[in-house]
């Protein structure tokens with residue numbers, strides 16, 4: 001099977017220049033999209049491909065594009081934003097795409113911008129991705145020189161400028177409306193919805209925010225068609241997925257596989273299984289803000305709907321493995337400390353609740369916990385859950401905690417009853 005995202009990437013090599021990428025057929029999709037297809041044709045194609053957003057939420061990409069107002073009364077200025085902030089703990093897929101083949105991303109952005117008739121696009125890049133920044137700046141300059149950016153692209157009359165913006169460095173910047181605020185020079189806090197960015201986003205104009213991985217699929221869908229893309233997955237959800245594994249496995253890394261590949265195959269075949277002397281206890285399937293999956297879920301298909309049916313989320317598709325030599329309470333405490341520090345402080349439940357959760361977990365980990373603390377923690381998983389906070393930050397933070405209390409209850413009780421962490425004795 002030909003894998004679309006990586007077919008032009010040479011392992012360990014410096015990315016292809018625009019002209020080198022061109023020679024591999026890399027920019028053919030731009031010719032087809034701009035010269036043979038209308039914006040409406042592109043939106044219909046992407047809808048038919050069933051491309052779901054790869055940033056974590058899994059929202060249908062074509063549907064998101066179709067929400068941008070059209071017609072004579074629609075605002076003329078529109079924006080496309082590529083979310084390359086990638087601050088989700090345990091997630092590193094977008095970095096590899098950018099540094100391996102930046103022109104693939106640029107090609108995807110050109111087509112997406114044309115589909116929504118935007119003439120300005122931004123790449124919102126994580127501040128720590130210094131190598132990615134250098135590579136992107138070089139690639140953007142090459143794309144201008146080759147005539148794929150700027151005015152009258154390929155003689156079609158369409159024009160597009162792409163700007164690179166480095167993030168202020170907060171986890172909250174990954175939330176699309178907080179990202180937009182940050183891009184405008186404001187504090188990175190989420191906006192109230194509605195209105196949604198597709199109708200009122202950057203500077204109050206229609207805006208589409210897509211993830212790096214999502215945009216990288218676009219040229220291949222245009223070149224090969226919706227049916228081809230759908231056929232790459234092993235479930236009804238289209239395409240491939242970049243799956244990552246970190247933790248005590250023999251071969252941690254990142255692989256592009258058919259969407260719906262099961263967890264056992266990824267961990268045992270591609271990640272090489274657990275390190276000698278370590279046993280699998282659980283995994284966060286899509287970064288830190290997802291619920292644990294455990295041994296009984298090992299044969300589950302990792303696509304958006306299958307993982308949701310198990311009470312978790314596919315998220316970014318990058319697993320963090322918990323092994324039997326790692327304290328689950330300390331593991332969860334470390335995550336909640338991160339989420340508490342990264343709260344933007346905009347709403348009270350998140351601002352006050354996450355630090356309280358972190359302090360309770362610290363007391364349990366240090367042997368000062370009480371049985372009633374578990375009830376307080378369980379209450380917070382509901383109090384900070386969906387619908388009770390301004391955005392998804394706190395509900396995401398509660399996912400590893402609520403599933404951890406479910407699957408590792410005995411470990412929490414051992415800390416409380418033995419008045420110390422059993423893994424440190």
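The values are calculated or read from the model by the stated rules, or taken from the named source; none is laboratory data. None of these values were measured; they are calculated from a predicted model. Because the Cβ atoms are built from the backbone with ideal geometry, glycine has one as well, and the counts that use them run over all protein chains shown.
The selection criterion, being modelled with pLDDT of 95 or more, more than 25 Å from residue 365 (Cβ to Cβ) and not assigned by TED's automatic domain parsing to the domain that holds residue 88, holds for residue 298. Within the option set 277, 247, being in contact with a strand residue (DSSP E or B) (Cβ under 9 Å, 6 or more places away or on another chain) and not assigned by TED's automatic domain parsing to the domain that holds residue 336 holds for one residue only, 247.
For every residue, the table says whether it meets (1) out of contact with any strand residue (DSSP E or B) (no Cβ under 8 Å at 6 or more places or on another chain); (2) surrounded by 15 or more Cβ atoms within 10 Å (Cβ to Cβ); (3) in contact (Cβ under 8 Å) with a residue 24 or more places away in the chain.
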{"residue": "102", "(1), (2), (3)": "yes, yes, yes"}
{"residue": "109", "(1), (2), (3)": "no, yes, yes"}
{"residue": "115", "(1), (2), (3)": "yes, yes, yes"}
{"residue": "119", "(1), (2), (3)": "no, yes, yes"}
{"residue": "126", "(1), (2), (3)": "no, yes, yes"}
{"residue": "143", "(1), (2), (3)": "no, yes, yes"}
{"residue": "150", "(1), (2), (3)": "no, no, no"}
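Residue-level analysis places residue 238 among those that are in a loop (DSSP other than H, G, I, E, B) and surrounded by 18 or more Cβ atoms within 10 Å (Cβ to Cβ). Filtering 335, 314, 284, 254 for residues that are more than 28 Å from residue 188 (Cα to Cα) and not assigned by TED's automatic domain parsing to the domain that holds residue 224 leaves a single hit, 254. If you go through the stretch 65-89 and keep only what is surrounded by fewer than 23 Cβ atoms within 10 Å (Cβ to Cβ) and over 11 Å from the mean Cα position of the chain (by Cα), you end up with 65, 66, 67, 69, 70, 71, 72, 73, 74, 75, 76, 77.
Would you confirm whether or not the stretch 363-370 contains a residue that is at pLDDT 95 or above, out of contact with any helix residue (DSSP H, G or I) (no Cβ under 9 Å at 6 or more places or on another chain) and part of a helix (DSSP H, G or I)? No, the stretch 363-370 contains no residue that is at pLDDT 95 or above, out of contact with any helix residue (DSSP H, G or I) (no Cβ under 9 Å at 6 or more places or on another chain) and part of a helix (DSSP H, G or I). Scanning the stretch 157-191 for residues that are touching a residue at least 40 places away in the same chain (Cβ under 8 Å) and assigned to a loop (DSSP other than H, G, I, E, B) yields 158, 159, 167, 168, 169, 170, 175, 187, 188, 189, 190. Are any of the residues in the stretch 34-47 closer than 29 Å to residue 318 by Cβ and either part of a loop (DSSP other than H, G, I, E, B) or at pLDDT below 90 (or both)? Checking the stretch 34-47: not a single residue is closer than 29 Å to residue 318 by Cβ and either part of a loop (DSSP other than H, G, I, E, B) or at pLDDT below 90 (or both).
So, in the stretch 248-262, of the ones that are under 17 Å from residue 321 (Cβ atoms) and not in a strand (DSSP E or B), which residue ends up farthest from the chain's Cα centre (by Cα)? Per the stated criteria, the residue is 250. On the basis of being outside the structural domain of residue 165 (by TED's automatic domain parsing) and on the phi < 0 side of the Ramachandran plot, does residue 261 make the cut? Here the answer is yes, as residue 261 does meet what is asked. When the stretch 198-222 is filtered for residues that are touching a helix residue (DSSP H, G or I) at 6+ places or on another chain (Cβ under 6 Å) and over 24 Å from residue 95 (Cα atoms), the ones remaining, listed by number, are 201, 202.
Scanning the stretch 393-410 for residues that are surrounded by fewer than 21 Cβ atoms within 10 Å (Cβ to Cβ) and over 30 Å from residue 173 (Cα atoms) yields 406, 407, 409, 410. Checked against the criterion of being part of a helix (DSSP H, G or I), surrounded by fewer than 21 Cβ atoms within 10 Å (Cβ to Cβ) and in contact (Cβ under 8 Å) with a residue 24 or more places away in the chain, the stretch 314-330 contains one or more residues that satisfy it. The condition of being assigned to a helix (DSSP H, G or I) and either in the same structural domain as residue 212 (by TED's automatic domain parsing) or under 20 Å from the mean Cα position of the chain (by Cα) (or both) does not hold for residue 289.
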